[in-house]
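Here the structure is laid out as structure tokens; the discussion comes afterwards.
The values are calculated or read from the model by the stated rules, or taken from the named source; none is laboratory data. Just so you know, these numbers come straight off a predicted model, no measurement behind them. Cβ: placed from backbone, ideal geometry, glycine included. Neighbour counts: every protein chain shown.
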Amino acid sequence: MTIRQLVDLYMAHYAGRDCTRLQRLTWWVAQLGNERLDEVCDDQVHAALEALAMNASRYFAGLDADGKPIHKAKKKPIAPATINRYAASLSAVFTWAIKRRIAPKAFDNPCRRIERRPENNELTRFLSDDERTRLLAACRASAWPRLYLLVLLALTTGARKGELLGLRWRDVDLVQRVVHVGRSKNGDPKVLPIVAAAAEQLVELQGRGDELVFPSRRRPDCAYAFEPRWKAALAVAKVKDFRFHDLRHSCASYLAQNGATLLEIGDLLGHRQVSMTKRYSHLASTHRAALVNRVLGDLR
């Protein structure tokens, strides 16, 4: 069996929620598609990843007239975390083939001998008060009227970009002021609170059950490709070195600085492991000091 045949078989059975899985495996097919499964070695995988690392990263910029995705290049190279995700996607296919008894006997997953690239996940960028004020003002003035709502929801719920873009009106409960994320990136259901300003926006825009909250203008069944509008708002607000995902960090950071515990922050963000939330622990130092002094301050 060739890698191309194996990927086709894998995707026919794939039931996960990783919307990037097909795109990454399609790239692997272009690199190794004609290779036989029993002949693929770790040197080939390593060489492909090294070549990938030399490319500039890209972002999804919508669909063309034929419904095909448009990807535009960024100035920065592909991040180590992205390279690791490409390796993980191919490794998942090999592991699946082994478990399903598709791979030859004694087949050794070559991705296990590929060293993971160090990911600089400890850096946490969040908006200052002035930056937040300027950015929200720029979003309100955006040519896309829903950018303000999207950014406000990300900033106040800590939800991921994919979770927000996948929201449908049936997921929005304006009576209880919550949104339901059926399955998060981790596969767990989440219920996220809606602040008053976001609720007002949702009331004004309210749509029908299966409609997306943030639909494309040309293809309502697809999410709006908001990246150009987002970048324009950042430029107007003069906010530099800031990604959309950093709104999630900003949400967690504001909570930590105002007394929320790491357990509470992790619950909102949907972290399964406390280690993921510990990056915000230094921001809660004032709260910890107040707690210690309140409980133990009188000890002599």
Of everything in segment 247-270, what is buried (at least 19 other Cβ atoms within 10 Å of the Cβ) and not aliphatic (A, V, I, L, M)? Give them in sequence order. R248, H249, S250, C251, S253, Y254, G266, G270
Checking T95 against (1) hydroxyl-bearing (S, T, Y); (2) in contact with a helix residue (DSSP H, G or I) (Cβ under 8 Å, 6 or more places away or on another chain); (3) not assigned by TED's automatic domain parsing to the domain that holds V195, only one condition comes out false. Which one? (2)
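Test L192 against the criterion of being under 25 Å from C19 (Cα atoms), at pLDDT below 90, among the aliphatic types (A, V, I, L, M) and surrounded by 15 or more Cβ atoms within 10 Å (Cβ to Cβ), and give yes or no.
On the way: under 25 Å from C19 (Cα atoms): yes; at pLDDT below 90: yes; among the aliphatic types (A, V, I, L, M): yes; surrounded by 15 or more Cβ atoms within 10 Å (Cβ to Cβ): yes.
Yes; evaluated as a whole, the condition is true for this residue.
If I ask for residues that are at positive phi and either outside the structural domain of A143 (by TED's automatic domain parsing) or in contact with a helix residue (DSSP H, G or I) (Cβ under 8 Å, 6 or more places away or on another chain) (or both), which ones from segment 220-269 would you list?
Filtering segment 220-269 for residues at positive phi gives 238, 241, 259.
Those that are at positive phi and either outside the structural domain of A143 (by TED's automatic domain parsing) or in contact with a helix residue (DSSP H, G or I) (Cβ under 8 Å, 6 or more places away or on another chain) (or both): K238, G259.
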Give just the number: which of (1) surrounded by 12 or more Cβ atoms within 10 Å (Cβ to Cβ); (2) more than 24 Å from the chain's Cα centre (by Cα) does D18 not satisfy? (2)
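Restricting the search to segment 24-41, which residues are in contact with a Phe, Trp or Tyr (Cβ under 9 Å, 6 or more places away or on another chain) and among the β-branched types (V, I, T)? Talk me through it step by step, then tell me what you get.
Keep residues of segment 24-41 that are in contact with a Phe, Trp or Tyr (Cβ under 9 Å, 6 or more places away or on another chain), which gives 24-25, 27-28, 37-38, 40.
The answer is V40, and nothing else.
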From the set of residues in segment 38-71 that are of a type in the set (V, I, T) and at pLDDT 70 or above, which is nearest to R229 (Cα to Cα)? V45
Subset of segment 14-32 [without any contact (Cβ under 8 Å) to a residue 60 or more places away in the chain and either within 15 Å of A97 (Cβ to Cβ) or part of a helix (DSSP H, G or I) (or both)]: Y14, L22, Q23, T26, W27, V29, A30, Q31, L32
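Any chance segment 143-152 includes a residue that's closer than 25 Å to A232 by Cα and more than 23 Å from the chain's Cα centre (by Cα)?
Residues of segment 143-152 closer than 25 Å to A232 by Cα: 143-152.
If we keep only those that are more than 23 Å from the chain's Cα centre (by Cα) as well, we get 143.
The answer is yes; a qualifying residue exists.
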Taking segment 148-184 as the search range and keeping residues that are of a type in the set (D, E, K, R) and part of a helix (DSSP H, G or I), which one is surrounded by the most Cβ atoms within 10 Å (Cβ to Cβ)? E163
Does at least one position in segment 118-132 carry a residue that is assigned to a helix (DSSP H, G or I), of a type in the set (A, V, I, L, M, F, W, C), at negative phi and surrounded by 13 or more Cβ atoms within 10 Å (Cβ to Cβ)? no
Among the numbered criteria (1) modelled with pLDDT under 85; (2) surrounded by 12 or more Cβ atoms within 10 Å (Cβ to Cβ); (3) assigned to a helix (DSSP H, G or I), which one does P228 miss? (1)
